[in-house]
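Participant: Okay, handing you the structure first.
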Amino acid sequence: HAGTVRRTRRAIGQLQTIVTMIETDKPCAGVAMQLHAAEKAIEQAKKTFIPDHVDHCLEQSGASTPRESRAVIREFKEISKYL
């Protein structure tokens, strides 16, 4: 999940910058641009994390019984809500 961590850290930095900009009365257009950038960083983190989870965590579940398979399907349904 290194890509997700990197993108999330980027968003944290952008959010800290936004707070500073607001506290120091920076122009609204600049604040709005940074808000947009932070939103995109979070969106990209999500787009990286969810497929990675599906590819690695669910595939490697080793479900061999119908009960285990249903548990994997439930987990997939749960995470797919956030796509």
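The values are calculated or read from the model by the stated rules, or taken from the named source; none is laboratory data. As the structure is a prediction and not an experimental result, all values here were calculated from the model. Here the Cβ is made from the backbone with ideal geometry for all residues, glycine too, and neighbour counts use every protein chain on show. Accessible surface areas use protein heavy atoms only, side chains included; no ligands, DNA or RNA. Shrake-Rupley method; radii C 1.70, N 1.55, O 1.52, S 1.80 Å.
Quick grid of which residues meet (1) buried (at least 16 other Cβ atoms within 10 Å of the Cβ); (2) over 12 Å from the mean Cα position of the chain (by Cα):
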| position | (1), (2) |
| --- | --- |
| 4 | yes, no |
| 10 | yes, no |
| 19 | no, yes |
| 43 | no, no |
| 55 | no, yes |
| 64 | no, yes |
| 80 | no, yes |
| 83 | no, no |
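Participant: Oh, and also: Criterion first (basic (Lys, Arg) and either open to solvent by 90 Å² or more (accessible area, probe 1.4 Å) or touching a strand residue (DSSP E or B) at 6+ places or on another chain (Cβ under 7 Å) (or both)) does residue 70 satisfy it?
Facilitator: Answer is yes for this residue.
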